[in-house]
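Encoded as structure tokens, the structure appears first; notes follow it.
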Amino acid sequence: MSETNLTAAQAPVVASGRSEPTIGLWGWVILAVAFAYAGYAMRWDWLLDWYPQLIRGLGTTMLLLATTVFLGMLLAIPIGLVQVFGPRWLSIPARAFCTVIRGTPLLLQLWLLYYGLGSLFPQFPAIRDSFLWPYLRQAWPYAVLSLTLSYAAYEGEVFRGAFAGVPKGQLEAARSFGMSPWHSFRRIWFPQAFHRALPTLAGETILQLKATPLVATITVMDIYSVAAQVRQQTYLTYEPLLVISVVYIIVAMGLLKLFATLTNTRYMRAPN
Amino acid sequence: MTTIPDFLGVELDLFLTQGWGWALLVGLYRSLLIAAGAFVLGLVIGTLGSFGKLYGNRFARQSLELYTTIVRSLPELILILVVYFVGTDMLNKTLDLVGYPPVDVNGAAAGIFVLGIVIGAYATEVIRGAILAVPSGQIEAARAFGMSPALVLRRITLPAMLPNAIPGLSNLWLIAMKNTALLAVLGFGELTQVTRQAAGATKSYFTFFLAAACLYLLATLISNLLTRRLEAWSRRGMA
């Protein structure tokens, strides 16, 4: 099925168990030559003026990533769950939500929310007079909302598979021990499903990191938008993009490391 | 100008008499064209790349690994900008060397090139995995029959890896289609960019972005239907 594989094909540098090819000596030589060329032929003096803003932008990016991954997870668990055992009136909307979000570009969703909703809201006096209005006039709530929804849809699909993949016997055994539905969900179903979903979580989170620069198009000041500013003000095309590329790669590797340690903690390790 | 009344709150007038509906469809057509071109280019890069990774020498393997790792860990938006700038820069420098004036790159061609490089990295991994999943006994049997490596590839490896590769490649097609939206940031006239123009001109932001979302969704759903058929066809005769 093409739908269930979406995350697998997109999943970036996550090891798949086989011995993966490595970058090796030649790869490092190429990288070293590229860096030597960049250091020699490009201008780096702008970094002195701009590094505080770059760091602040990185902070925004990371905050956005952490917030939307957390909120998205909270949404994804019920979305996955109701698709497996929920009643029709819950499972069909959940399924439709996943299909719609995954079938349209994130940039379009972001613009639909920011420009679309943003242009509708002022027409309603009730919204304009509410305490939320000062926030709704800014860009970041729309960025958080659309990134959260996107993460929830992709991860909801993963959780659907993870919940469905827990063997029936486990749940039947829990019931025969006299566990209440909530108890067996908390002790049996959810931990096993979460364990199944964890490997894809790393890949999805890196995809989310790679989606964050889109918020620069709606004036959120993340690290990418700082680089765009540098480009406009110094007329340097490659240097700022190169710097933030290195930053993104380092953050992605850090996330992989984080998820690898998380997967290896005692609670998360596979049973037996 | 005749005005058509709204239908279910949708300002049909904007789409039908003011010509924006047609503009959106043209945008969709351009998006699909760029996506198709990028996908084909990505397939070519992916096939060559996976062969290089599997059968190449150490230099080819490691430089390809560098390519796929970097492309897959960078945001597409940044990649598209970098590849676009580097590509046009290099093209104009080469033209300068041969004594031609610099050219303005055609939007669709640049989009195909830029997205093709991105899709190629993912396709390399998909095809490499699919080839690795072909049982080695089949390839050994072919070799035992005295087939040359090229014949083994054509008769055994490529047809046998196809069912393994199709799910991944159909996802890549969906990704290619959705990634064309990013070209709007560069100002190419594909669906998302046309939508932004239409919304800006008419101030009906919500209507137009919703309409574009419907078009993308329709394209995705039709693609899903077709790839499901294709997958069934490629698995014919298999358990």
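Quick note: the coordinates plus some simple rules give every number you see, no bench work behind them. All values derive from a computational prediction rather than experimental measurement. For neighbour counting, all protein chains shown are included, and Cβ atoms are generated from backbone atoms with ideal geometry for every residue, glycine included.
Of A:LEU209, A:ILE250, A:PHE194, whose Cα points farthest to the positive end of the dipole of the range A:116-272 (charges on the beta-carbon: +1 Lys, Arg; -1 Asp, Glu; origin at the Cα centre)? Value: A:PHE194. The ranking of A:MET221, B:MET90 by Cβ neighbour count inside 10 Å, starting from the fewest, reads B:MET90, A:MET221. Taken about its Cα centre, chain B carries a charge dipole of roughly 980 debye when the Cβ of each Lys and Arg holds +1 and the Cβ of each Asp and Glu holds -1. Cross-link partners of A:LYS210 among lysines, defined as those whose alpha carbon lies under 27 angstrom from its own and excluding same-chain residues fewer than eight positions apart: A:LYS257, B:LYS53, B:LYS178.
Is it possible to state the helix-based mean residue ellipticity at 222 nm for the protein assembly as shown, with each DSSP H run of 4+ residues giving -39500 (n - 2.57), the sum divided by total residues, to the nearest 500 deg cm²/dmol? What is it?
Working: 23 runs with 377 residues, N = 511.
Taking each H run of at least 4 residues, the total per residue is -24500 deg cm²/dmol.
Peptide B:57-66 has a mean of 5 when you count, residue by residue, the C-beta atoms of other protein chains within 10 Å of its C-beta.
How do B:TYR122, B:TYR84 rank when sorted from fewest to most other Cβ atoms within 10 Å of their own Cβ?
Working: B:TYR122 25, B:TYR84 20.
With the fewest neighbours first, B:TYR122, B:TYR84 line up as B:TYR84, B:TYR122.
The string of couplings for the range A:212-227 from the Karplus curve (6.51, -1.76, 1.60, θ = phi - 60°) is 4, x, 4, 5, 4, 6, 10, 6, 7, 8, 8, 5, 5, 5, 5, 4 Hz, one whole number per residue in order, with x for Gly and Pro. Considering only B:VAL194, A:THR265, B:PRO167, and ranking their Cα positions along the charge dipole of the protein assembly as shown that arises from unit charges at the beta-carbon of Lys, Arg, Asp and Glu, the one farthest toward the positive end is A:THR265.
Please report, in whole Å³, the volume per residue of the convex hull around the C-alpha atoms of chain B. Before the final figure, lay out each step's value.
Values: hull volume 40.6 nm³, N = 239.
It is 170 Å³ per residue.
Judged by the ratio a/c of the largest to the smallest principal axis of the C-alpha gyration tensor, the protein assembly as shown counts as rounded, that ratio being less than 1.5. Note on A:108-121: average number of Cβ atoms from other chains within 10 Å of each residue's Cβ is 5. When peptides B:36-44, B:18-26, B:110-118 are sorted by average Cβ neighbour count within 10 Å, with the highest value leading, the order is B:110-118, B:36-44, B:18-26. With a 10 Å cut-off around each Cβ of A:246-256, the average count of Cβ atoms from other chains is 2. Size descriptors for the range A:47-264 (Cα atoms only): Rg and Dmax, in that order, 20.6, 70 Å.
Fewest first, what order do B:LEU74, A:LEU113 take by the number of other Cβ atoms within 10 Å? Walk me through the numbers on the way to the answer.
Working: B:LEU74 24, A:LEU113 19.
Placing the least packed residue first, the sequence is A:LEU113, B:LEU74.
Could you calculate the contour length gain from A:ARG175 to A:THR22, that is, 0.36 nm times the residue separation minus the distance between their Cα atoms, to one decimal place in nm?
Values: separation 153, 0.36 × 153 = 55.08 nm, distance 4.72 nm.
In short, 50.4 nm is gained.
Could you tell me how far the Cα centroid of the range B:163-238 sits from the Cα centroid of the range A:64-111, in Å? So the separation of the two Cα centres works out to 19 Å. Between B:TYR67, B:GLY52, B:GLY107, whose Cα lies farthest towards the positive end of the dipole of chain B when Lys and Arg beta carbons carry +1 and Asp and Glu beta carbons carry -1, centred on the Cα centre? Toward the positive end, the furthest listed residue is B:GLY52.
Magnitude of the Cβ-charge dipole of the protein assembly as shown, K/R +1 and D/E -1, about the Cα centre, nearest 20 debye?
Numbers: 36 positive and 23 negative charges, 332 e Å.
Charge dipole, the protein assembly as shown, about its Cα centre: 1600 debye, nearest 20.
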